[in-house]
Amino acid sequence: MKIIMLGAPGAGKGTQAKMIADKYSVPHISTGDIFRANIKNGTELGMEAKKYMDQGQLVPDELTVKILLDRVANDDCKNGYVLDGFPRTIPQAEVLDEALAKLGDSIDYAIDVDVPDENIVNRMSGRRACVACGATYHIVHIPPKTEGICDRCGKELILRDDDKPETVLNRLKIYHDQTQPLIDFYTAKGILKTVDGTQDMKDVFAAITAILD
Ligand code: AP5
Ligand code: MG
């Protein structure tokens with residue numbers, strides 16, 4: 001099963017992608033998490049990506065596409081995967097489609113987690129993320145058991161650099177300009193499914209499993 005998660009920054013793509021990955025035993029692949037791991041490790045890729053991410057801009061397609069295609073060529077992706085945050089532009093989607101078509105393959109579902117802009121800024125300022133394992137929390141809606149510590153791996157939780165309100169507004173603008181056109185792209189392919197992302201996260205997940213089961 002090959003799934004793409006679409007949705008604005010903070011819509012809950014990562015939250016839902018992790019639950020999908022656990023239930024259906026497929027890897028969760030987040031280009032944002034890959035970039036953040038590289039920034040943390042001080043790699044050349046991380047340094048380059050950080051310049052864009054801190055401004056709320058997209059990392060250039062050339063860099064992003066290569067990383068993603070390398071990752072999905074891994075053995076653990078043979079039975080499928082859930083992509084979170086990729087593709088984010090029409091050229092990225094086209095490259096992915098071409099790469100899969102060469103293998104006689106294609107994406108099964110593009111799931112759009114729909115949340116209006118008004119809800120987003122509030123969610124982001126409350127988000128805390130684990131740099132070690134990528135788990136996300138919300139200080140009010142989904143608090144960790146111990147403040148500031150990841151339930152899953154015990155490491156420290158941080159407020160992401162790009163979750164400041166002014167950067168979030170920029171990310172939302174870029175989402176509408178560059179990523180939202182993918183909704184029409186996957187609708188035309190007949191694989192777009194929309195779920196209401198303003199519900200409780202368990203109800204969002206129930207709506208997704210009703211599509212996938
Ligand atoms: P990325 O890491 O992908 O960030 P994003 O798309 O902006 O999305 P987020 O991770 O902020 O939100 P999410 O939808 O995963 O929501 P979450 O589940 O955490 O990308 C970061 C940057 O990397 C980009 O800006 C770009 O620079 C670069 N990049 C990455 N991929 C790229 C690509 N393909 N091309 C170019 N550049 C790329 O939830 C948010 C919060 O809400 C959490 O606190 C969560 O606990 C809470 N929450 C979740 N669900 C609910 C719910 N139902 N009710 C209440 N609260 C909820
Ligand atoms: Mg995310």
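For the range 83-98, state whether one or more residues are more than 16 Å from ligand 2 (Cβ to nearest atom) and loosely packed, with under 13 Cβ neighbours inside 10 Å. Within the range 83-98, one or more residues are more than 16 Å from ligand 2 (Cβ to nearest atom) and loosely packed, with under 13 Cβ neighbours inside 10 Å.
Whenever a residue of the range 168-186 is over 17 Å from residue 114 (Cβ atoms), its partners that are loosely packed, with under 14 Cβ neighbours inside 10 Å and among the polar types (S, T, N, Q), lying with C-beta atoms within less than 9 angstrom and at least six residues away or across chains, give the pairs 170/55. Evaluation of residue 38 against the conditions (1) near ligand 1 (Cβ under 7 Å from one of its atoms); (2) closer than 19 Å to residue 157 by Cα shows that the sole unmet condition is (1).
If I ask for residues that are away from ligand 2 (no atom under 16 Å from the Cβ) and either within 17 Å of the chain's Cα centre (by Cα) or under 18 Å from residue 136 (Cα atoms) (or both), which ones from the range 25-49 would you list?
Selection gives 26 alone.
Report whether or not residue 63 is near ligand 1 (Cβ under 6 Å from one of its atoms), of a type outside the set (Val, Ile, Thr) and farther than 18 Å from residue 212 by Cβ.
On the way: near ligand 1 (Cβ under 6 Å from one of its atoms): no; of a type outside the set (Val, Ile, Thr): yes; farther than 18 Å from residue 212 by Cβ: yes.
No.
Just one of the listed residues (17, 49, 37, 93) is in contact with a Phe, Trp or Tyr (Cβ under 8 Å, 6 or more places away or on another chain) and either of a type in the set (Lys, Arg) or within 21 Å of residue 132 (Cα to Cα) (or both), and it is 49.
Where residues in the range 13-24 are over 8 Å from the mean Cα position of the chain (by Cα) and either among the aromatic types (Phe, Trp, Tyr) or within 11 Å of ligand 2 (Cβ to nearest atom) (or both), which of them is farthest from residue 85 (Cα to Cα)? Quick ask: steps written out before the conclusion?
Taking the range 13-24 and keeping what is over 8 Å from the mean Cα position of the chain (by Cα), we get 15-16, 18-24.
Then drop every residue that is not either among the aromatic types (Phe, Trp, Tyr) or within 11 Å of ligand 2 (Cβ to nearest atom) (or both), which leaves 15-16, 18, 24.
Numbers: 15: 12, 16: 12, 18: 13, 24: 19 Å.
Once the filter is applied, the top-ranked residue is 24.
Is there any pair with a first residue in the range 191-213 that is in contact (Cβ under 8 Å) with a residue 24 or more places away in the chain and a second that is of a type in the set (Val, Ile, Thr) and in a loop (DSSP other than H, G, I, E, B) whose Cβ atoms are under 7 Å apart and which are 6 or more apart or on different chains, and what are they? Cβ pairs passing all conditions: 191/107; 197/115; 198/115.
When you scan the range 89-99, do you find a residue that is closer than 30 Å to residue 156 by Cβ, touching a helix residue (DSSP H, G or I) at 6+ places or on another chain (Cβ under 7 Å) and not acidic (Asp, Glu), even just one? No, the conditions are met nowhere in the range 89-99.
Does the range 7-19 contain any residue that is of a type outside the set (Val, Ile, Thr), within 13 Å of ligand 1 (Cβ to nearest atom), more than 22 Å from residue 124 (Cα to Cα) and surrounded by fewer than 21 Cβ atoms within 10 Å (Cβ to Cβ)? Looking for residues that are of a type outside the set (Val, Ile, Thr), within 13 Å of ligand 1 (Cβ to nearest atom), more than 22 Å from residue 124 (Cα to Cα) and surrounded by fewer than 21 Cβ atoms within 10 Å (Cβ to Cβ), one finds none in the range 7-19, hence no.
Checking the conditions here, which among 140, 195, 204 is in contact with a Gly (Cβ under 6 Å, 6 or more places away or on another chain), among the hydrophobic types (A, V, I, L, M, F, W, C) and buried (at least 17 other Cβ atoms within 10 Å of the Cβ)? It would help to see each step written out before you state the result.
Numbers: 140 fails: buried (at least 17 other Cβ atoms within 10 Å of the Cβ); 195 fails: in contact with a Gly (Cβ under 6 Å, 6 or more places away or on another chain).
Going through 140, 195, 204 in turn, the sole match is 204.
Residues that are within 21 Å of residue 96 (Cβ to Cβ) and in contact with a Leu (Cβ under 9 Å, 6 or more places away or on another chain) within the range 15-47 comprise 17, 20, 24, 28, 29, 30, 31, 34, 35, 38, 45, listed in sequence order.
No value in this document is a laboratory result; all are computed from the given coordinates. Model, not experiment: these values are computed from the prediction. No Cβ is skipped: glycine too gets one built from the backbone with ideal geometry, and neighbour counts run over all protein chains shown.
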